[in-house]
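Single-structure report; data block below.
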Amino acid sequence: MSKPEPYRCRLAAGELAGRARRVRWVLLDVDGVLTDGRLYYTAEGSVMKAFHIRDGLGIRLAREAGLKVGSLSARADAAFARRAAELGFDAVVAGARDKLAAFEAFLKDRSLEPAEVAYAGDDLPDIPIIRRVGLSFAPADAAREVAEMVDVLLGESGGQGAVRALVELLLSARSRG
């Protein structure tokens, strides 16, 4: 197994630290960020997904540091609902066909400013949210359009520790000067 490439950040260190300190919520797309984006169907039609244990620890570290963690996904499925419950997600928004409208409702319901949210997405439906949040992230294997516009392109692929890398980078940046 090869070591992931280092992350790419479009922000100066001071700007990254300043934005990171404002973040109160880490909001994650599911398919392609918490998973590798592949869907496995059983003969009975159930969906199976694989979640990386390192991402689970990253979510726990974020919550222990006082951050809230949530998901925003166009799909709703039992596999992720179970994983989110295991990890103690603070919010799960599923079945959001209009992700921007769902994000705006998420902000309003929690009296949040967009700058208080770090978001990780990997594909075209995530772009409107990426443009609004305080800090945007994408896994290494994100769609080209997303990879080119996020604040931080992580070195890890979706479902392969990208969320853990995001949390470690965010917490490290928050502790800087």
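Restricting to the stretch 94-113, give me the number of residues that are more than 21 Å from ASP77 (Cβ to Cβ) and surrounded by 15 or more Cβ atoms within 10 Å (Cβ to Cβ).
Here is the first cut: in the stretch 94-113, the residues more than 21 Å from ASP77 (Cβ to Cβ) are 100, 104, 107-113.
Checking which are surrounded by 15 or more Cβ atoms within 10 Å (Cβ to Cβ) leaves us with 100, 104, 107, 110, 112.
Matching residues across the stretch 94-113 total 5.
For residues that are without any contact (Cβ under 8 Å) to a residue 24 or more places away in the chain, in a helix (DSSP H, G or I) and under 24 Å from ALA84 (Cα atoms), tally how many sit in the stretch 115-174.
3
Could you please find all residues in the stretch 39-82 being farther than 19 Å from GLY158 by Cβ and among the polar types (S, T, N, Q)?
Once the filter is applied, which keeps residues that are farther than 19 Å from GLY158 by Cβ and among the polar types (S, T, N, Q), the stretch 39-82 yields THR42, SER46.
Just to be sure, is VAL30 among the hydrophobic types (A, V, I, L, M, F, W, C), closer than 17 Å to GLY161 by Cβ and either part of a strand (DSSP E or B) or modelled with pLDDT under 95 (or both)? Walk me through how you get there before you give the answer.
Details: among the hydrophobic types (A, V, I, L, M, F, W, C): yes; closer than 17 Å to GLY161 by Cβ: yes; either part of a strand (DSSP E or B) or modelled with pLDDT under 95 (or both): no.
Against the criterion (among the hydrophobic types (A, V, I, L, M, F, W, C), closer than 17 Å to GLY161 by Cβ and either part of a strand (DSSP E or B) or modelled with pLDDT under 95 (or both)), VAL30 does not qualify.
Quick one: which of GLY70, GLY58, GLY88 is modelled with pLDDT of 95 or more and surrounded by fewer than 17 Cβ atoms within 10 Å (Cβ to Cβ)? Can you show your working first?
On the way: GLY70 fails: surrounded by fewer than 17 Cβ atoms within 10 Å (Cβ to Cβ); GLY58 fails: surrounded by fewer than 17 Cβ atoms within 10 Å (Cβ to Cβ).
Being modelled with pLDDT of 95 or more and surrounded by fewer than 17 Cβ atoms within 10 Å (Cβ to Cβ) holds for just one of GLY70, GLY58, GLY88, which is GLY88.
What pairs come up if the first residue lies in the stretch 75-102 and is more than 17 Å from THR35 (Cα to Cα) and touching a residue at least 24 places away in the same chain (Cβ under 8 Å), the second is small (Gly, Ala, Ser) and part of a loop (DSSP other than H, G, I, E, B), and their beta carbons are under 7 Å apart, counting only those six or more places apart or on different chains?
From the stretch 75-102, the pairs are ALA96/SER73; ALA96/ALA74; LYS99/ALA74; ALA102/ALA96.
Pairs needed: first member in the stretch 28-40, within 17 Å of ASP90 (Cβ to Cβ); second member anywhere, of a type in the set (D, E, K, R) and buried (at least 23 other Cβ atoms within 10 Å of the Cβ); C-beta distance under 7 Å; at least 6 residues apart or different chains.
ASP29/ASP122; ASP29/ASP126; VAL33/ASP122; LEU34/ASP55
What number goes with the only condition from (1) closer than 19 Å to ALA142 by Cα; (2) of a type outside the set (A, V, I, L, M, F, W, C); (3) at pLDDT 95 or above that ASP109 does not pass?
Against the list (1) closer than 19 Å to ALA142 by Cα; (2) of a type outside the set (A, V, I, L, M, F, W, C); (3) at pLDDT 95 or above, ASP109 comes up short only on (1).
If we scan the stretch 24-46, do we find a residue that is charged (D, E, K, R), buried (at least 20 other Cβ atoms within 10 Å of the Cβ) and out of contact with any Ser or Thr (no Cβ under 9 Å at 6 or more places or on another chain)?
No, there is no match, as no residue in the stretch 24-46 is charged (D, E, K, R), buried (at least 20 other Cβ atoms within 10 Å of the Cβ) and out of contact with any Ser or Thr (no Cβ under 9 Å at 6 or more places or on another chain).
The values are calculated or read from the model by the stated rules, or taken from the named source; none is laboratory data. Predicted model only: the values in this text are computed from it and were never measured. Neighbour counts are summed over all protein chains in view; Cβ atoms, including those assigned to glycine, are modelled from backbone coordinates with ideal geometry.
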